[in-house]
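Below is one structure; the comments refer to it alone.
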Amino acid sequence: MSVLVVGMSHQSAPVALLEKLSMDETVQNTACQTLVQADSLSEAMIISTCNRMEVYTVTNSFHTGVQDVVRILADVSGVDEDELRTYLYVRYADAAAEHLMTVTSGLDSMVVGEQQIIGQVRTAYQSATEQGTAGPRIHALAQSALRTGKRVHSETEIDEAGSSMVSFAFDQALNRMGRKRLDGARVLILGAGAMASLAATHAGRLGGQLVIANRTTARAQRVAEHAHEAGVYADVIEFAERAQALRGVDMAISATGAQDFTITAADVERYHVADRELMLVDLSLPRDIDDATASVEGVDLVNIERLSKSLEAADTDLAAGTSPHAQARRIVTEELNAYASAQRVRDVVPAVSALRKRAADLVQCEIARLEQKHPELDERQMGDVNRALKRVADKILHEPTVRAKQLAANSGTVSHETALQELFGLQLEGSGVAVDMTELPDVKQMEAAENKKTEEEDA
C-alpha cells in the first residue's frame, strides 16, 4: 500500500482543461467517496485550485490504481480519458510525498513561494478527514507536508521570490519606458491568478489605472474589487475584448498560463495606436505574448523567460546554495527523509508482528505436543514450560526485530520486510515502484497483455 498522486497543473496542462477539472467542495467530496469505493484504492484527498487539480490516494495496485483514478476523473469532468492522459502526471510512494511537500512549500506554484497553497492543502486535508476518506497514510503525508510548508515560509525568504520577479519585471519595463512610476498610465492585466494579482497590486501602487480581463469574468471582478479596496481605479472587460483594449493602454501585462498566445503580433499591428508607446510584459511560462510583437514600431516587450535567466545569473546566493530556493529545497529533503524513515518503520511492523505471531504459534504447538506426550505433567509444570518457551522465543526475536526497525528507519536501499520474509518464510505484500504517466501502458495495452496471459494459461 503506497500513496499515489495523479494530477495536472499550470505546468502540464492548458488553463481551459484545468477549468474543466476544477471541483467545488461538493464535487470533491463526491469524487473522494467514489475513489475509495474502487477495489484498488483505500484513501482519497483532492486538491483543486485555479492552477492545479491533484488526486491523492492510497493504492494496493499501482497500474490498476492509476486507471481507476483516470476513469473517475473522466466521469467527473466529462473529458475523454485519452485527452486526460496527455496532460496528467503520476507520482508514487516517496515521489508522491516529495511532490506534495514541494507543492505545499510554494515551490511548484506559478508565483514561487506564495502561501495560499498551504491553506488550500489544509482545506483539502480537513475535508477528506471530515468525509472519512483520509486514512493513516494520507494523515501522515498531509501533516508532514503542512509542517514542511510552515518551515519553508518561516525559515527562508521564499515568500519574496515571486514578488521579486514581478518587481524586477516592472523595474525593467519602467526603465525602458523612461519612467519611475505609472501615474496617469492605463495598464491592461490579463489573468486573475496569483501572478496576475501581484502584477495588478504592483501596478496600482505605482499609480496605474487598471483594466482587467480573464477567461472567467467573476475572477477578474474579484481582482478589481481588491484594487478598489486599495483605492486603485480598476475596470473589467471581457477576455475576448483584450486585443481591442490595446488601443487605449500604455502597458499590457499577461499572466494566464494559456496554451495559445493571449497577445499576438497581428493583435498589436491591428489595434496599437501608432503614436502611442506600448510596453508589453509577459509574466507567464510558457509565454503568453508572441515575441514577434516587439518588432512592431512603438512596441517593446519584457519577457519573464529572459528575466529569469538574468536573475539567476545575477544571484550569487543561488550559486552558493544560500538562496531561498536552495534553503527551501534542503528543508523539503530533510522532511522527506524523516517521512520516508517513519513510513519504512511503519511498513516493517507487519513483518515483525507476523514473525512474533509465528513464534507464538510454534510455542503453542510444542506445548500441545508435550501435553500429549507427557500426560503425567500437571498444570503447574506445563505452565512453567510454557513460560520458559515464550521467554526463549522473545529473547531470540528481540534483537532481530529491534534491528529490523532500526535498519528500516535509517536506510531506503534495502527492503527489510522482504529480508524477514525470505529468512523466516513469511507471506507478505510486496512494495511498489515510482513511474511517470508517460511510462505507463494505456488501457488497450493492459487489456492485450491480460488477454495474452489468459490464452497462455488456457493453452
Considering the stretch 275-290, residues that are modelled with pLDDT under 90 and within 18 Å of Arg176 (Cα to Cα), and then whichever is surrounded by the fewest Cβ atoms within 10 Å (Cβ to Cβ), we arrive at Asp275
Can you name the condition, by its number, that Leu190 falls short on among (1) of a type outside the set (D, E, K, R); (2) touching a strand residue (DSSP E or B) at 6+ places or on another chain (Cβ under 8 Å); (3) touching a residue at least 40 places away in the same chain (Cβ under 8 Å); (4) surrounded by fewer than 24 Cβ atoms within 10 Å (Cβ to Cβ)? (4)
Could you please find all residues in the stretch 14-29 being more than 13 Å from Ser48 (Cβ to Cβ) and among the small types (Gly, Ala, Ser)? Ala16
Does His202 satisfy being without any contact (Cβ under 8 Å) to a residue 40 or more places away in the chain and not assigned by TED's automatic domain parsing to the domain that holds Ser109? yes
Members of the stretch 163-188 that are at pLDDT 90 or above and of a type in the set (A, V, I, L, M): Ala173, Leu174, Met177, Leu182, Ala185, Val187, Leu188
Residues in the stretch 272-291 that are touching a residue at least 60 places away in the same chain (Cβ under 8 Å) and under 16 Å from Ala245 (Cα atoms): how many? 3
What residue, among those in the stretch 217-234 that are surrounded by 15 or more Cβ atoms within 10 Å (Cβ to Cβ) and more than 32 Å from the chain's Cα centre (by Cα), is nearest to Ile253 (Cα to Cα)? Ala234
Return the residues of the stretch 94-107 that are under 16 Å from Glu157 (Cα atoms) and either of a type in the set (Asp, Glu) or in a helix (DSSP H, G or I) (or both); say none if nothing qualifies. Thr102, Thr104
Return the residue satisfying two criteria in turn: it lies in the stretch 85-99 and is out of contact with any strand residue (DSSP E or B) (no Cβ under 7 Å at 6 or more places or on another chain) and touching a residue at least 40 places away in the same chain (Cβ under 8 Å), and of such residues it is farthest from Gln11 (Cα to Cα). Asp94
Among Ile158, Ile117, Ile138, which is among the hydrophobic types (A, V, I, L, M, F, W, C) and at pLDDT 90 or above? Ile138
Check off (1) in contact with a strand residue (DSSP E or B) (Cβ under 8 Å, 6 or more places away or on another chain); (2) assigned to a helix (DSSP H, G or I); (3) β-branched (Val, Ile, Thr) for Ile47 and give me the number that stays unchecked. (2)
Only one of Ala44, Ala31, Ala13 is in contact with a helix residue (DSSP H, G or I) (Cβ under 6 Å, 6 or more places away or on another chain), within 17 Å of Gly193 (Cβ to Cβ) and in the same structural domain as Tyr125 (by TED's automatic domain parsing), namely Ala13
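The values are calculated or read from the model by the stated rules, or taken from the named source; none is laboratory data. Keep in mind that this is a model prediction, so the values were computed, not measured. No Cβ is skipped: glycine too gets one built from the backbone with ideal geometry, and neighbour counts run over all protein chains shown.
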